[in-house]
1. Find which of 34, 121, 105 sits farthest along the positive direction of the dipole of the chain, computed with +1 on the beta-carbon of Lys and Arg, -1 on that of Asp and Glu, about the Cα centre.
2. Between the helical axis of 147-167 and the dominant principal axis of the chain, each derived from Cα atoms, what acute angle in degrees is found, rounded to the nearest 10?
3. Using a simple spin-label model with points 7 Å from Cα along the Cα→Cβ vector, what separation in nm is obtained for residue 175 and residue 152?
4. Quick one, which of (i) 25; (ii) 16; (iii) 44 is the actual percent of Cα pairs over 30 Å apart calculated for this model?
5. Based on Cβ point charges of +1 for Lys and Arg and -1 for Asp and Glu, what charge dipole magnitude is obtained for the chain about its Cα centre, in debye rounded to the nearest 20?
6. Put a dot 7 Å past each Cα toward the Cβ at residue 12 and residue 130; how far apart are the dots in nm?
7. Rounded to a whole number, what % of the accessible area of the range 1-102 do carbon and sulfur atoms account for, probe 1.4 Å?
8. Over the chain, average the accessible area per residue using a 1.4 Å probe and give it in Å², no decimals.
Amino acid sequence: MPATDQPKPRTTPDRLLDVAEHYIRQVGFHAFSFRDLATETGIKSASVHHHFPTKAALGVALVQRYRQRILAALEPLDDQPPSTALAALIAAHRTTLTTLDGLCIAGMLGAEEASLPPEVASETRAFFQAILTWLTRVFTRLGTSDPSAEARRLLAAIHGAMILARSLDDPTMYDTVVAPWLGKDADAPSLRA
């Protein structure tokens, strides 16, 4: 493979964010420390602080990266039929639930909002607002009578269904809850929440 085609090596900040994302999906923002991140990445705790002076700075960077990744994945779906776009978002969350064995990091952080550093809570709200804006556009294209309300209903259903499915260790619970939003002709592209 030519040197220009080789995958870019993961930087230390990226590796730290990857590990933090895994922890948040599994156990939440408050259940891990910089020492845990250092151990997982094979660096010293002081090096974690070099990249992210505070846990709040780490949380802000993580949610910003997550929002950018999700919005970049959703953008091409604006050219797809609305039912396909909805199916992709729904499938992405199911993949997170079943393949990554966790919850959407925004959902986990949203549940912890009252105890988060204010700047992390603010970034989490910005994430949800961005997804609601995207969903409202999709429901507008579908001709839904109240696209904004339908966007809120679907996003609440997705996150509630993830919690229910995880709590009961039954992914079919997720499928049952989100089924009303899946069109028969929807062919969901691969996406990860």
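The values are calculated or read from the model by the stated rules, or taken from the named source; none is laboratory data. Treat the numbers as computed from the prediction; the structure is a model and nothing was measured. Using ideal geometry, Cβ is built from the backbone for each residue, glycine included, and neighbour counts are taken over all protein chains shown. Each accessible area value is taken on the protein alone, full model and side chains, heavy atoms only, with ligands, DNA and RNA left out. Shrake-Rupley method; radii C 1.70, N 1.55, O 1.52, S 1.80 Å.
1. Checked the options; the winner is 34.
2. 60 degrees
3. Output for this residue pair reads 3.1 nm.
4. This structure yields the entry labelled (i).
5. Charge dipole of the chain: 360 debye, to the nearest 20.
6. 2.6 nm
7. 54 percent
8. Dividing the accessible area of the chain by its residue count gives 51 Å².
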